[in-house]
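The values are calculated or read from the model by the stated rules, or taken from the named source; none is laboratory data. For clarity, every value in this text was computed on a predicted model and none was experimentally measured. As a convention, Cβ positions derive from the backbone with ideal geometry for all residues, glycine included, and neighbour counts pool all protein chains shown. Surface accessibility is based on the protein's heavy atoms, side chains included, excluding ligands, DNA and RNA. Shrake-Rupley method; radii C 1.70, N 1.55, O 1.52, S 1.80 Å.
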Amino acid sequence: MLGSSRNNFHESLAVLQQDILRMGSLVEQMIEKAVNSLSELDVNLAEEVIQIELEIDELEILIEDKCVKLIATQQPMAKDLRKITASFKIITDLERMADYSVDIAKVTKRLADQKLIKPLIDIPRMSSITKKMVKEALDAFVREDVALATQMCKDDDIVDQIYSQIFRELLTYMLEDPRTISQATYLLFVGRYIERIADHATNIGERVIYLVTGERKELND
Amino acid sequence: MLKFKWKITFAYTIFLGITMGLVTIFLKNSLQNLQLFVFIKVMAITLFISSGFFFLWVHQITNSIEDLYKLTTDYAEGNYEKKMISLQDDEIGLIATNIQIMVKQWRKVIRENQRETSRISTILASMVEGVIAFDQVGKIILLNKAAEEMFNITEEKAYKRYFLEVIRSVQLVDVLKAILVSGKHQIVEIVHQEQNYRVYVAPILGDKNNNIQGAVMVLRNVTNLRRLEQIRTEFVANVSHELRTPLTSIKGYLETLLDGAIEDSEVVTKFLRIMESETTRLQRLIEDLLTISKFETGKYEIVKKPINLINLIKQVKETLEPVLIERKSFLNINIEEKLDTIMGNEDMLQQVFLNLLDNAIKYSPDESIITFKARVTPEGVVFNIIDQGIGIPADSLSRIFERFYRVDKARSRQVGGTGLGLSIVKHIVERHRGIIQVESEVGQGTIMTVFLPLA
């Protein structure tokens, strides 16, 4: 009797993980589409991103409910409990990432009738690293892989570097020609958004380490 | 373990002994002492001899059973390949024969299965399409080599994992879920990690009642196909556009002339000049198109001959003289002394250098210096065309050899290119089994490097 309810519990945990992975891959998609929409100034793609956000919000509530139900009915201990609390936190991180992607999509809509002051190179580069971080963070969560979590967080430094590079570059554009200031500011925001997404990915990595070892480790410096 | 035959013999002896004992007690009163003694002796001998015979007989039977035991032990251990042995010609022997026949048939079935499995796994491994199979809850139970490469994972790692843990595609997981419920196959096209896949998903149905036991997914990477389609569409659009622009202009001037401008001789000459130049542009475009289509259909065989490089470049320079004068630019030619002849097709190579130098001059500011360098390496000849022009943005570098690709459409039309020049150059260089490369920095200039093999 006890054994079967334990089994049931682990089955529910597995389903919960599937939901989180689904949310994660939707977020990956959103980041990719948002940045693509910006570099092509494609308003339709930006709209798609905004549409996906609705599903993300639904998923967040669904996963939250499942977590609460699991805690209330199964009274999990130790690692199982940590897994559920980590899930709680991870979905918040994912939801924030989705929000930032929507912010990027909104920038696309705002810039749609202009011409980009320069073709985007660094922003897509930054976003593809960030996307990889999100994927690896969730891989680490599912496999409870501390090594992957630690290693994935190192990419955050690269993202930060690109961000400061974008900042310097856009600054020179603005100094050269004040007419670019408005657009350059928006692009700077986009850089900031992606940088924040990467930080949230690092947060997930930290939670994975806490989940497995029970220790809190600051990876985001 | 007390052997079976001992047990039975022992039991038989006791039984017979007791029976004889009882008979003796029974007969004790009716027989005389001497007779009784003889009788007991005879009985004892009979008992001894019959037990002996009995033992031999039981021994024979249990030996057959033991052989049968050894045989089945071998089978139980999975050793099916044992040769047929014949046992005694009794019931036990018959059982043994039957068992052996049964095993022989199994062996055949197992071998066939093994052959089938290995055939299927070979087929799966050699498929270009990725194949992934799932059980009824959506866990991966099979992943072929192509799928391993597509998603950069090994079958071992993916085995018994949920789809999303291995491949983060919400689109595909939705399709998979739908199929595990509905059992209806589907074809979808998805984009995953910037690759296009055409995915065929079908249910795996059980033998009875057609229960859904899982699903199988066949993925084909169609990225190149889609890219080619896009290039083709773009090509048609580009060609039409390029042809229409000069035509519209010619038509416009013609109409103006017909509407009365023909009376004004000064205007007529001016208009005709413009029409002539537009016609030349059209002609050049069509010639370029023909050249490129010849290259692309592969009908163009090149004949390599020794060419005097200095003469070749001199001719190119003469052709370019008007442009150089107009731009007040200077062409600096620097050819290594020991390099006098190269192998190749003179007309074609002339076109290559003409195109590259023309670009270098046109995309540089007035009064700039263009450098042409040639040097010999053990592998071949390396040419550099260096300018200090406007340069090419990094994201365009990989595309400049595409047909009609333009970094800045307005500017290219202004300098009068057909949009096919670099594409032709690349074709010619490759026909010579050479390589063309480009390095550039915006605002700093461009270096075009052409490498031609010696022979």
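Quick notes
- Listed by position, the helices (runs of 4 or more DSSP H) enclosed by segment B:78-191 that each have at least 1 residues that are on the phi < 0 side of the Ramachandran plot, aromatic (Phe, Trp, Tyr) and within 14 Å of chain A (Cβ to nearest Cβ) are B:145-151, B:163-166.
- Tally, over segment A:14-47, of residues that are over 18 Å from A:Ser128 (Cβ atoms) and more than 12 Å from chain B (Cβ to nearest Cβ): 5
- Scope segment A:111-160; condition within 30 Å of B:Asp408 (Cβ to Cβ), more than 13 Å from chain B (Cβ to nearest Cβ) and open to solvent by 50 Å² or more (accessible area, probe 1.4 Å); matching residues: A:Asp113, A:Gln114
- In segment B:107-114 there is no residue matching the filter, namely being touching a Ser or Thr at 6+ places or on another chain (Cβ under 6 Å) and open to solvent by less than 90 Å² (accessible area, probe 1.4 Å).
- For A:Gln75, the requirement of being more than 29 Å from A:Leu175 (Cα to Cα), polar (S, T, N, Q) and within 14 Å of another protein chain (Cβ to nearest Cβ) is not met.
- Residues being assigned to a helix (DSSP H, G or I) and loosely packed, with under 12 Cβ neighbours inside 10 Å - total across segment B:23-37: 6
- Within segment B:12-23, residues that are under 14 Å from B:Phe48 (Cβ atoms) reach partners that are of a type in the set (Ser, Thr, Tyr) and in a helix (DSSP H, G or I) with beta carbons closer than 6 Å, at six or more positions or on different chains, in the pairs B:Thr13/B:Ser51.
- Scanning segment B:2-17 for residues that are open to solvent by 100 Å² or more (accessible area, probe 1.4 Å), assigned to a helix (DSSP H, G or I) and out of contact with any helix residue (DSSP H, G or I) (no Cβ under 6 Å at 6 or more places or on another chain) yields B:Trp6, B:Lys7, B:Phe10, B:Phe15.
- Selection from segment B:348-390 of residues that are in contact with a Ser or Thr (Cβ under 7 Å, 6 or more places away or on another chain), free of Cβ contacts under 8 Å to residues at least 60 places away in the same chain and among the hydroxyl-bearing types (Ser, Thr, Tyr): B:Ser368
- Matching residues, segment A:15-36, being open to solvent by 10 Å² or more (accessible area, probe 1.4 Å) and over 16 Å from B:Gln195 (Cα atoms): A:Val15, A:Gln17, A:Gln18, A:Asp19, A:Arg22
- Segment B:109-128, residues that are under 20 Å from B:Asn221 (Cα atoms) and aliphatic (A, V, I, L, M): B:Ile123, B:Leu124, B:Ala125, B:Met127, B:Val128
Yes or no, residue by residue, for (1) β-branched (Val, Ile, Thr); (2) more than 18 Å from the chain's Cα centre (by Cα); (3) buried (at least 18 other Cβ atoms within 10 Å of the Cβ); (4) at pLDDT below 85:
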{"residue": "B:Asn98", "(1), (2), (3), (4)": "no, yes, no, no"}
{"residue": "B:Ile101", "(1), (2), (3), (4)": "yes, yes, no, no"}
{"residue": "B:Glu116", "(1), (2), (3), (4)": "no, yes, no, no"}
{"residue": "B:Ile141", "(1), (2), (3), (4)": "yes, yes, no, no"}
{"residue": "B:Ala146", "(1), (2), (3), (4)": "no, no, yes, no"}
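- Scanning segment B:353-393 for residues that are under 15 Å from B:Ile313 (Cα atoms) and basic (Lys, Arg) yields a count of 2.
- When B:Arg375, B:Arg399 are checked against the criterion of being within 14 Å of chain A (Cβ to nearest Cβ), charged (D, E, K, R) and either outside any helix (DSSP H, G or I) or open to solvent by less than 60 Å² (accessible area, probe 1.4 Å) (or both), a single residue qualifies: B:Arg399.
- Segment B:138-162, residues that are of a type in the set (Val, Ile, Thr) and in contact with a Phe, Trp or Tyr (Cβ under 8 Å, 6 or more places away or on another chain): B:Ile140, B:Ile141
- B:Ile45 fulfils the conditions (1) within 23 Å of B:Asn63 (Cβ to Cβ); (2) modelled with pLDDT of 85 or more except for a single criterion, (1).
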